[in-house]
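Quick note: the coordinates plus some simple rules give every number you see, no bench work behind them. The model shown is predicted, which means the values in this text are computed figures rather than measured ones. In this analysis, Cβ positions are derived from the backbone assuming ideal geometry, glycine residues included, and neighbour counts consider all displayed protein chains.
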């Protein structure tokens, strides 16, 4: 999970530097957004695996439902993040198409 978060932070850093240079509407930006989506999906897989382990193995012996609720919340949060990044990628694609159309007009 920490490695996924670090990959996302590096990708966001690269995207922010692209915004600063004014080159965010390029094919290279889509690759970095895909890296963020991949890290988000990996985080969902890891967190759901941990949540499943906690539910099946640890919770019956420990009798701590709060841990299961917390793990489920983490799974939902990481899934929501990955879904949000998919939506943001489609918005970036639309903005890139509009940018190219505007460049043709000007």
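Worth a mention:
- Neighbour counts of C-beta atoms inside 10 Å place 85, 1 in the sequence 1, 85, starting with the fewest.
- Amide N of segment 1-42 lying under 11 Å from the label point, which is placed 7 angstrom from the Cα of residue 100 along Cα→Cβ: 26-27
- By average C-beta atoms within 10 angstrom, highest first, the peptides 7-19, 40-52: 40-52, 7-19
- Computed lengthening from residue 84 to residue 59, 0.36 nm per intervening residue step minus Cα-Cα distance: 5.9 nm
- Packing, as the average of other Cβ atoms within 10 Å across residues, places the peptides 20-30, 66-76 in the order 66-76, 20-30, highest first.
- Nearest-ten-degree value, helix 2-21 long axis tilted from longest Cα axis of the chain: 20 degrees
- For the chain, the relative contact order is 31 percent, taking Cα pairs closer than 8 Å that sit 6 or more residues apart in sequence and dividing their mean separation by the residue count.
- The angle between the Cα long axis of helix 65-105 and the longest principal axis of the Cα atoms of the chain comes to about 10 degrees, rounded to the nearest 10.
- For the chain, convex hull volume per residue from C-alpha positions, Å³: 84 Å³
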